[in-house]
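Scroll down for the structure; my scribbles are underneath it.
Just so it is clear, none of the values below were taken in a lab; they were calculated from the coordinates. A quick note: this is a predicted structure, and the numbers were derived from the prediction, not measured. Cβ placement follows ideal geometry from the backbone for every residue including glycine, while neighbour counts extend to all protein chains displayed.
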Amino acid sequence: MSSKPDSNNVHSAQNLHGSIPNGAHTAVDVVLDTAYQGIDSNNWSDLFKLARKSELPEFIADMFAGKHINQSEDRPALHSALRNLSKSPVILDGQDVMPAVTDVWRRIEALCNKWVGVTDVIHIGIGGSDFGPRLAIEALAHVPDIESRGMRMHFLANIDTAELARILDRAQPNSTRVIIVSKSFTTLETTMNAKAVVAWLKDNNCTKGQIAKALFAVTANVPAAKEFGIADDHIFPFWDWVGGRYSVWSAVGLPIALQYGFKTFEEFLAGAHAMDLHFKNAPLENNLPVIMALALLYQQEKHGIKAYAAIPYADALDWFPKWLQQLDMESNGKSVGKDGKPVKYSSPVVFGSAGSNAQHSYFQLFHQGPEIIPIDFIAVRKPMSARPESLAHHRILLSNCLAQAQALAHGKTDSNPNNVYPGKRPSNLLLLPELNAFYLGALLALYENRAGTLGALWNINSFDQPGVEYGKVLAKPIEKALASGSDQVVANESVDAITAERINFLNSNS
């Protein structure tokens, strides 16, 4: 394995110059400024008392210790082990998981070193098997002078064949590799898309040997991958103690290493590991994930907020809000707590897109709508290109970010009610020194740890997702009815009267 960056000292040359703003906090050179949250020192004191009353320090310790904090599935949530570059032991039920994790790192690096002559990679996965690697590939493509191996990386998630067709029209079958990513290896969208891609390879005269060489899998269900026809040495495992939406740090992140080199993947892990060490060790009053979680909880208590927005003032992070939607709403979008009783609060609706594009879309609602919607403004201190106009453009980008936060906080009075801005709209400002693999990893781990913190404060299990399954169950009899072609479907225990009418309409017009 190549030399790894020190997760405690990496990028020390990027240390902040000058003092950070009053009331701001920093970790791993990431600055969090909560000055516009409208939370005074007494409020903060009460919030930290609440965190301790909620046994947040114990939750953090239990998570890193491998305790079974995912109670409904009787599992730990040890995604932090996947980026534990120190290799310090992580004990799960008496066994150190780090040798297995380290072996996957070794295999990823070996594959990077020998995978040559590949023009296209089709990464097949959905949800947590898609969002993380897709975000990282898109974000890091904007890093000036980043190593790129020249392969086209395609992400195939949707069962809609439009996405499949677009990819297959571009890919070159004889030099394509396929990575099938599914924790269970039973996800319908993923297995159907994988079979379609294999059929495409066959239709383009690829031999059985060529197809075997082309197929790879990342899964916790190794037997199912073998049954699909994937060779043992092409299967990269991850484990049931890793939630899908927390899995980009595992072999699910293989596209990052393949596209940008294993060293870049290590730097991505190192940034996350450094943020984990901060989350694990920093006192609550200086702990970035904890502070962000408590600020959101305060706005729920004070304003009854139902939504918040994440607005990255970096085009490279346009996919970040989509990744965050799954992280927050799948983790914490629940109405029942760990004790089986209704909860007072759970995840707000999450949305967002890159600023300043968002300003010209839905910021009107932020400024003058009746609902208060907190915002996380995310900005990068350095421009993301080496163009001669980059500094001038970046100043305008940053000035828009700062101006929007100020306008939302203070508002504006006017004799014309149409021109009144109520103000007192809360926001955070997150500042990254630059956007590279290290700071991208730190940013994602910051929000992952914030999601777990919020779950602990709300008494919610952030690591299961039972609500996702019911619709999948109902889809099976509906698909069978659609496949029948009959326009005489009647309501039954699996299909209600409205759905039966819709099936009949679709079948009669097919």
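Taking every C-alpha pair closer than 8 Å and separated by at least 6 residues, the mean separation divided by the residue count of the chain gives a relative contact order of 19 percent.
Over the C-alpha atoms of region 239-341, the Rg to Rh ratio, Rh being the Kirkwood estimate, stands at 1.00. Packing here is the average count of other Cβ atoms within 10 Å per residue, and on that basis the peptides 225-232, 93-100, highest first, run 225-232, 93-100.
Taking other Cβ atoms within 10 Å as a rough exposure proxy, HIS123, HIS154, HIS367 sort from fewest to most as HIS367, HIS154, HIS123. Note on region 468-508: with charges restricted to the Cβ of Lys and Arg (+1) and Asp and Glu (-1), its dipole about the Cα centre is near 120 debye.
The angle separating the long axis of helix 188-203 from the principal Cα axis of greatest extent in the chain is about 50 degrees.
Look at the alpha carbon pairs under 8 Å that are at least 6 residues apart: their mean separation over the length of region 80-263 gives a relative contact order of 29 percent.
If you fit an axis through the alpha-carbon atoms of helix 41-53 and take the longest principal axis of the Cα set of the chain, what angle between them do you get, 0 to 90°, nearest 10? Tilt of helix 41-53: around 40 degrees. Going through the cross-link list LYS344/LYS476; LYS322/LYS382; LYS87/LYS263; LYS53/LYS424; LYS183/LYS338; LYS226/LYS338, which pairs have a Cα-Cα distance over 26 Å in this structure? Over 26 Å apart, Cα to Cα: LYS344/LYS476; LYS53/LYS424; LYS226/LYS338.
Relative to the longest principal axis of the Cα atoms of the chain, the long axis of helix 390-410 lies at roughly 60 degrees. Looking at region 80-263 alone, DSSP beta bridges between its own residues are antiparallel in about 10 percent of cases. Treating each Cα of region 80-263 as one equal point scatterer and applying the Debye formula with no solvent, the log10 of I(q)/I(0) at q = 0.14, 0.17, 0.19 Å⁻¹ comes out as -0.75, -1.11, -1.40. Derived value for the chain: Kirkwood hydrodynamic radius 24.5 Å. Basis is the mean of 1/r over every pair of different alpha-carbon atoms. Averaging Cα coordinates gives a centre for region 358-431 and one for region 74-134; these two points are 37 Å apart.
Fully extending the segment from ARG502 to LYS344, taken as 0.36 nm per residue of separation minus the present Cα-Cα distance, adds 53.2 nm.
Each 5 Å bin from 0 upward holds the following percent of the Cα-Cα pairs of region 468-508: 5, 27, 35, 21, 8, 3, 0.
Rounded, prolate or oblate: which one fits region 391-435, using the alpha carbon gyration tensor with axes a ≥ b ≥ c (rounded when a/c is under 1.5, else prolate when a/b beats b/c, else oblate)? It comes out oblate by the Cα gyration axes. With contributions of -39500 (n - 2.57) from each DSSP H run of at least four residues, the per-residue ellipticity at 222 nm computed over the chain stands at -13500 deg cm²/dmol. Rounded to the nearest 5, what % of DSSP beta bridges with both residues in the chain are antiparallel? Bridges in the chain are about 30 percent antiparallel.
If you average the C-alpha positions of region 20-70 and of region 287-309 separately, how far apart do those two centres end up, in angstrom? With region 20-70 and region 287-309 each reduced to a Cα centre, they are spaced 11 Å. When you restrict to C-alpha pairs under 8 Å that are six or more residues apart and normalise by the size of region 292-390, the relative contact order lands at 41 percent.
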